[in-house]
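K.L.:
The following block contains the structure, expressed as structure tokens.
The values are calculated or read from the model by the stated rules, or taken from the named source; none is laboratory data. For clarity, every value in this text was computed on a predicted model and none was experimentally measured. Here the Cβ is made from the backbone with ideal geometry for all residues, glycine too, and neighbour counts use every protein chain on show. Remember, those area values only see protein heavy atoms, side chains included, never the ligands or the DNA or RNA. Shrake-Rupley method; radii C 1.70, N 1.55, O 1.52, S 1.80 Å.
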Amino acid sequence: KTIPNPPPRPAGFITMTSAGVASLFICDEYLNERPRLYPKPDRSITRGLAWLNKNFNPGEQNFYAMYGDERVALASGIQTLGGHNWFDDFAATLVSNHGGPWSNGDFPSASVSISTAYALLVLDRGLNPVVINKLQYTKNFFGDWNARQRDVANFTSWLTRTYETPLNWQVVDINSPISDWLNAPIVLITGRKNPHFTKAQIASLREYVQDGGLVLCSPDGRSGRFRNAMLRYGREVVHNRYKAKICSPKGYLYTTLPERHHPRFHRFMAISNGIRYLWIVSPIDLGAIWQGHQFSRRDYWTIPANIYYYAIGKGALSNRLQSLVVRRATQAPIQTVMMARLKYKGNWNPEPGAWPRMAKIAAREFQTQVKIEN
């Protein structure tokens, strides 16, 4: 991958702006623990992010500055800087240098050892599995979707400490390609009112679910408006084929991790296709509990942990590069397999995306064209 190299950023601002913005996010975690129903914009963060987006260099050769950009991205969950997927482009830049060791480049007074250490930090920390994509459905970073800026960050930190597994989280824009969504098994939607999704946005949610993703919705302030809207959108995503039902206390939502017992029954609502959960609506405000570090309310940390491990099938955790995306085949097929699917009265096609996905895998991995007829 060839990375464009824009003009160098102003030297005096390269590292200090990213350090300042990352520090502000860390401060917010503790200064704004109290959950809010309305977002509280931080003008300094807004201005800092605007500068970083304007001056982002995907071919950065100052590896300390590269690490600073990563710190901002990990602290904020931002998936892109300056319209670039920061991790993909930084990884391509580093790998293009023959995979290390890395010379000091534009990193003044740094030895090869120090430059290589920062390069490895970028690759290692950015590669951690992504637990949850928080859905950004407004243009503004401090919009209704993000009244609690540290909710998912705090949950991911708790999950990392509890299971001794380094994990990341990120923000995904609702209008971005589905390939940007698919490096996390869960999309989280939060808010206090109806976000008024468009038909195209509902189609994106449907595509994510059909590609194997799971949607979790949490109402800020236990908002009935938001909760009812999410239940309606969930039904639209599945073309009204399935209804939302209260999850059984003996179901996977509560039992995926057998060491976690939940003596209280919580009325989570879920839409299932008969094979797996597709869409879950929480009855309580998860974001408030996570934002406020309310660790004593243990169920509201362990049940979402159950949901995460359920979504990945209790299997091996996938790093950022191992997403659900199936890349286009690079070689022509050498054989064709015909497959007929039998329709019958009832739920004959619970996973509409399964066989089309299998066909892509066969084309890429086995040079086999799969023709599907219903």
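K.L.:
Most mobile of GLN79, GLN136, GLN201 per a Gaussian network model of the chain (Cα springs, under 10 Å)?
P.N.:
For the chain, modelled as a Gaussian network with Cα springs under 10 Å, the answer is GLN201.
K.L.:
For the stretch 299-374, rounded, prolate or oblate, judged on the Cα gyration tensor with a ≥ b ≥ c (square roots of eigenvalues), a/c < 1.5 rounded, else prolate if a/b > b/c?
P.N.:
oblate
K.L.:
What whole number of Å gives the distance from the Cα centroid of the stretch 210-254 to the Cα centroid of the stretch 148-196?
P.N.:
Between the Cα centres of the stretch 148-196 and the stretch 210-254 lies a distance of 16 Å.
K.L.:
List residues of the stretch 173-198, by number, whose backbone nitrogen lies under 11 Å from a label position 7 Å along Cα→C-beta of THR165.
P.N.:
No residue passes the distance filter.
K.L.:
Further, regarding this structure: Among SER248, SER218, GLY315, pick out the residue whose Cα is farthest towards the positive end of the charge dipole of the stretch 197-321, where Lys and Arg carry +1 and Asp and Glu carry -1 on C-beta, about the Cα centre.
P.N.:
Of the listed residues, the answer is SER248.
K.L.:
Probe radius 1.4 Å, ligands and nucleic acids ignored: give me the carbon and sulfur share of the accessible area of the stretch 7-66 as a rounded percent.
P.N.:
Roughly 59 percent of what the probe reaches on the stretch 7-66 is carbon or sulfur.
K.L.:
Just the number, please: carbon plus sulfur as a percent of the accessible area of the stretch 92-229, 1.4 Å probe, no ligands or DNA/RNA counted.
P.N.:
51 percent
K.L.:
Just how large is the dipole of the chain about the Cα centre, in debye to the nearest 20, putting +1 at every Lys and Arg Cβ and -1 at every Asp and Glu Cβ?
P.N.:
So the dipole magnitude of the chain works out to roughly 1740 debye.
K.L.:
Further question: Let me know the charge dipole size of the stretch 90-247 about its Cα centre in debye, to the nearest 20, where only the beta-carbon of Lys, Arg (+1) and Asp, Glu (-1) is charged. Spell out each step's value before the answer.
P.N.:
Details: 18 positive and 11 negative charges, 232 e Å.
Charge dipole of the stretch 90-247: 1120 debye, to the nearest 20.
K.L.:
Another question about this same structure. What part of the accessible area of the stretch 263-374, given as a whole %, is carbon or sulfur when the probe is 1.4 angstrom?
P.N.:
That share works out to 53 percent.
K.L.:
For the chain, what is the accessible area per residue in Å² when the probe is 1.4 Å?
P.N.:
49 Å²
K.L.:
Taking springs between alpha-carbon atoms closer than 10 angstrom, which of TRP86, TRP181, TRP348 fluctuates most in the Gaussian network model of the chain?
P.N.:
Judging by the Gaussian network model, the answer is TRP348.
K.L.:
Which cross-chain or sequence-distant (5 or more) residues have an amide H under 5 Å from the amide H of GLN369, H modelled 1.01 Å from N in plane?
P.N.:
Placed amide hydrogens put ILE334, GLN335, THR336, VAL337 under 5 Å from GLN369.
K.L.:
Holding the Cα-Cα limit at 31 Å, pick out from LYS40/LYS314; LYS134/LYS314; LYS243/LYS314; LYS245/LYS345 the pairs that are longer than that.
P.N.:
Those over the limit are LYS40/LYS314.
K.L.:
Out of ALA359, ALA316, ALA305, any idea which swings most in a Gaussian network model of the chain, alpha carbons joined below 10 Å?
P.N.:
ALA316
K.L.:
Only helical DSSP H runs with n ≥ 4 go in: add -39500 (n - 2.57) per run for the chain, normalise by residue count and round the 222 nm mean residue ellipticity to 500 deg cm²/dmol. List each step's numbers first, then the result.
P.N.:
Values: 13 runs with 149 residues, N = 374.
Theoretical 222 nm ellipticity from helices: -12000 deg cm²/dmol.
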